[in-house]
Amino acid sequence: MLSQLQGPIPRRYVALLFFVVCIALFLWSGFDIIPRRVTAPRFKYPYMPSSYDWSKAKIYHPPTDMKKLPTGSPKPLPKIQSKQSGGQDAINNARKEAVKKALVKSWGAYKQYAWTKDELMPLSAKGKESFSGWSAQLVDALDTLWIMGLKDDFNLAVKEVALIDWSKTKSGGVVNLFEVTIRYLGGLLAAYDLSQEPILLAKAVELGNTLYATFDTPNRLPSHWLDYEKAKQGTQTADDKMSGAAGGTLCMEFTRLAQITGEDKFYDAVERINMFFRRFQNETTLPGMWPIWMNYRDEEMLESSYSIAGSADSQYEYLVKMHPLLSGLNPEYPEMAIKALDTIRDNLLFRPMTPKEDNILFAGSIKINGNDTQFSADMDHLTCFAGGMYALAGKLFTRDDYLDLGSRLTAGCVWEYDAMPSGIMPESATFVACDKLDGPCPFDTERMPPTDDPRRPGGFLSVKGRHYLLRPEAIESVFYMWRITGDQIWRDTAWRMWENVVRETETELAFAIVKDVTVSLGEKGDSMETFWLSETMKYFWLTFEDPSVLSLDEYVFNTEAHPFRRPA
């Protein structure tokens, strides 16, 4: 037997061995069953492609006429940042370092207790999955780590990003297009724009191809949710009820991906949403705006409610920001933005009746049913982005009236912060609207019932949402006002806000949401959303940093505060 084994190997065994080796090589090289780690010369770390290559997936409803990125020489756009907002001093350097210290604490707790999870639970010292299980906090914080100089932590995060499998989710194979686009895709693209790290672009392209499958519907408009199995079978349809923000807050990310890669398909996907919006902008029951909810499947408006709060907010923000991102080469965006901003000014903005007749503004909401129009003088923390939006539009479109509106809207949010015992604005509140935006507005006790309750400060009709979720929108607008005007008052305001936020939210491990801002040092909740690191602390830090860092004349921020480089 031994001599037989030591003799020549029979041909049939050689053939079988050759077949087995070929199958193994095939599986290793490209089949989806066995993901592979690759350390290519251009990658610093082991890189694992996603287990399903969506760039090769069958497209059941291909676009018949591809919409291409605008071409031509960039249009000269007005300067955004004030010349007076330059320079740095010891006070602002110290303030900047205080913010960085809080960031280091928050990131350190995430690394220790929730590494590669989507979020940190700052009270129970655990991690949780909330956005598909792809390490949302890790990706969302990449650019913050980079700009604050935490390069070791940045590189540590990149190592994990290189191994993310976008084709395997912890959400049952269903992906939230809006959240994944603004947090993951936006985070990767911004971090790539800043660092030029090839791994980040490779993973962004993988994710972009994955999300592109959401647009493979009969009319090429997306669903709010990407269902992997439906996408593979070609049975997806656009939603018959989806918010304006869910569809309108994709154009910046997909456009930037198209600019970097040169692949027009990404721009085509979101340009069709723009065409849908443009077709109806002047045909709604409030011409110039869109109702919060729309039928993307049948391409109809679901009339009733109009707002720039949640579910509508970033749709309008992106109309303004697409202008600089496209270097002014698509005139539709500024036209649509100006129409919308004028309509919002004339119908939603209001001056609240306050004890001191403060010259501030809020943005309410409207419901229209036939000839019946109902205005609600409410204000949400989410709506505080509007000050920055109007100020940015004021510079880009040379509209001083917009800049004034932006200042008053931002001052309104600061007023709410200062009014609360905690020094933090509530999630939502209602007010009594003055008759006009300007002019006298004496405090009328018949319209505003008096109260001795400090939990309902003067000027508030009611505080509906008493919590604070570590939201960034108020400091976002303060940041824009500082960069645009160069007025030191905005920096001082930001520091006052920061001290209040830290006092009320800091925990032993990190920072946590506040359940009731109408009391000071009240109960906290076991949550720290990813935007605490990606947005809130970034805007605070940039307000105290030298304005040349991420200049608004060189970058445009997405709704998750991820900076995209403006094309030269």
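Quick note: the coordinates plus some simple rules give every number you see, no bench work behind them. Quick caveat: nothing in here was measured; it's all calculated off a predicted structure. Cβ: placed from backbone, ideal geometry, glycine included. Neighbour counts: every protein chain shown.
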query: Length gain on complete extension for the stretch Arg496 to Gln374, per 0.36 nm per residue less the alpha carbon to alpha carbon distance?
result: 40.3 nm
- line: Amide H contacts under 5 Å for Gly127, restricted to residues at least 5 apart in sequence or on another chain and with H modeled in the peptide plane, are Met121
- request: Report the dimensions of region 516-568 along its three principal axes from the alpha-carbon atoms, largest first, rounded to Å.
  value: 48, 20, 15
statement: If amide H atoms are modeled at 1.01 Å from N in the peptide plane, then the residues at a separation of 5 or more from Gly525, or on another chain, having amide H under 5 Å from its own are Ile513, Val514, Lys515
message: Students often get this wrong: which residues of region 369-390 have the backbone nitrogen under 15 Å from the point 7 angstrom along Cα-to-C-beta of Asp444?
response: 377
message: Around Asn359, under 15 Å between beta carbons, what's the net of Lys plus Arg minus Asp minus Glu among the other residues?
response: -4
message: Show me, bin by bin at 20 Å from 0, the whole-percent P(r) of region 2-565 based on Cα pairs.
response: 20, 53, 21, 4, 1, 0
query: Please state the relative contact order of the chain as a whole percent: Cα pairs under 8 Å, 6+ residues apart?
result: 17
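Would you work out the charge dipole size for region 2-565 about its Cα centre, treating the Cβ of every Lys and Arg as +1 and the Cβ of every Asp and Glu as -1, and quote it to the nearest 20 debye? Mind showing how you got there, number by number?
Numbers: 62 positive and 74 negative charges, 442 e Å.
Using Cβ point charges on Lys, Arg, Asp and Glu, region 2-565 gives about 2120 debye.
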field: Spatial separation of Cα centroids for region 350-375 and region 160-228, in angstrom
entry: 38
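How much length is gained if the chain between Phe43 and Asn155 is pulled fully straight, taking 0.36 nm per residue apart and subtracting their Cα-Cα distance, in nm to one decimal? Kindly include the intermediate steps, with their values, before the conclusion.
Details: separation 112, 0.36 × 112 = 40.32 nm, distance 1.20 nm.
Roughly 39.1 nm would be gained on extension.
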- request: On a 0 to 90° scale, report how tilted helix 90-113 is relative to the longest principal axis of the chain, with both axes built from alpha carbons and the result rounded to the nearest 10.
  value: 50
Label zone at Lys75 (point 7 Å along Cα-to-Cβ), backbone N below 13 Å, region 328-360: 328-338
field: Cross-link reach list, lysines versus Lys339, counting only Cα pairs under 27 Å and skipping chain neighbours closer than eight places
entry: Lys67, Lys68, Lys75, Lys79, Lys241, Lys321, Lys367, Lys395, Lys436
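Length gain on complete extension for the stretch Ile489 to Val549, per 0.36 nm per residue less the alpha carbon to alpha carbon distance?
19.6 nm
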field: Inter-part distance where region 86-132 and region 516-564 are each reduced to a Cα centre, Å
entry: 11
message: Just to confirm the filter: which GluC sites (Glu not before Pro) across region 278-309 are DSSP coil and have at most 12 other Cβ within 10 angstrom of their Cβ?
response: Glu283
